[in-house]
Amino acid sequence: MATSDFIARLQAIDANRDKAQAVPELELPPDMERLADPVAEDDRSRWQRLRDRGKGLFTRKPRNEFEDAFGWEEQKPRWWQRLAFWKRGIDPAALIAQGDDELEERWPLRRKLLYGAWAVLLLTVGGVAAWLIVAPPPARHDDSLVLALAPAQVQATDDRGAPISATPAEQRGAPEAATASEYETGPSGGLPAAPDAALQLQTRNGLVPMIGKDGRIPWQVYGRPFNDRLNRVRVAVVVTGLGLLRGQTDQVLDRLPPGFTLAISPYAPNVRELFNRARAKGFETLTELPLEPTDYPASDPGPRALYTSLTPADNEARLDWIMSRGAGYVGLIDVLGTKPLQDEAAARRMLGRIQERGLLFVDSRSSTKGLGPRIGRDIGMAMALNNRFVDSEATTTAIDTKLDELERLAKASGASVGIASGMPLTVDRLIAWHAELYRRGVALAPVSAVVGRQRE
């Protein structure tokens, strides 16, 4: 029998049960006998519609003309089709029994459980991946630098390169079995209340620091005591921008150890209370000195900043107002701009005035054109110079790299200074860095303890 005739006869059998009984002489191949299975027309119709609803789950082109004529899915075992319906949430037997012509999809409990399990698995994998991305690296640790003996001695020099003699307390080496408590360099409690009445001068703009009649100098009196009996190299880190954001300021005061130096904005509300609070926790403090930026007025340093366009008397009055805002601080640090430090006359007047008040100056060196270091040397001013902006790039890796650079600079020259902000990430990295600092032969020092010990 020709193939086309055979297919036509099979189609007739599939379409009409009576015809299938009227041609018994047709011998069907064994694998095609189930096509002539006597199924009631209504049930067959419903089953066909169910089968159509299952299409798309297992699709491929027909492999031969028989499959092309009857649909390849008819060639699959009945259990295969039932599996396809189950995956789509359809129960064929129940639908046929109910006579459900609409054949709406059902969502049995087992399908909900399967979807729920997949959701939990995906959430778990996503959570682990996110944690691996954002989690900070473990604290750095270098066993080769654990101090069982005194670290290598570094000859410190002043800003002219001349050697500085250490105090008797600094000349003592480490004991053979040093403990962690022996690495402390300052008092564990707060600093004495300030200001000292004998170190204040009344001006039209408020009380400002002054050198006492007995020769006492405010930056030395108010500085945090520093006594490193191991004579280690020194790193000072100044945390700036405090007082304007209460939450950030509270975090710095509550979390950082008191070896860090805090710079407080003169524009902060309740600024005197903030200075007193910092001293009560043992922090050495600076007052921020807002200066005219080179791109003014695009950048505004505030209503009391010093400007090159103002008269010397006006700038002097503004400087006195800034110095009157706090109490018990050791000096000033320039912020927001550097233009007055790039003008010879303006810089000399400003730094000379600060020196007359018995205060030190921290030059942020935000510009390579600044004249602060040279003028400071000329007038013999107590000064510290910034070496790195610790979080200019606010990432864990970048901050850790800058802190490592500060350590290397300190070991090369005896001391280094970094400037950081009070951002939460920065605070976290400073805490982790400080926890292991003593093992590497480096001491965290207040900024007053590095004056005269840096090389430019």
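Computed from the coordinates by the stated procedures, all read-outs in this text should not be read as laboratory data. What you are looking at is a predicted structure, and each value in this text was computed from that prediction instead of being measured. Cβ placement follows ideal geometry from the backbone for every residue including glycine, while neighbour counts extend to all protein chains displayed.
Structure data summary
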{"item": "Binned Cα-Cα distances of segment 147-450, short to long, each 20 Å bin given as a whole percent", "result": "34, 60, 6, 0"}
{"item": "Pair L310, R408: separation of 7 Å Cα→Cβ label points (nm)", "result": "4.1 nm"}
{"item": "Peptide ranges 312-325, 381-394, 441-454, 256-269 listed from the most packed, as the mean C-beta count within 10 angstrom indicates", "result": "441-454, 256-269, 381-394, 312-325"}
{"item": "Label zone at A193 (point 7 Å along Cα-to-Cβ), backbone N below 19 Å, segment 275-293", "result": "275-285"}
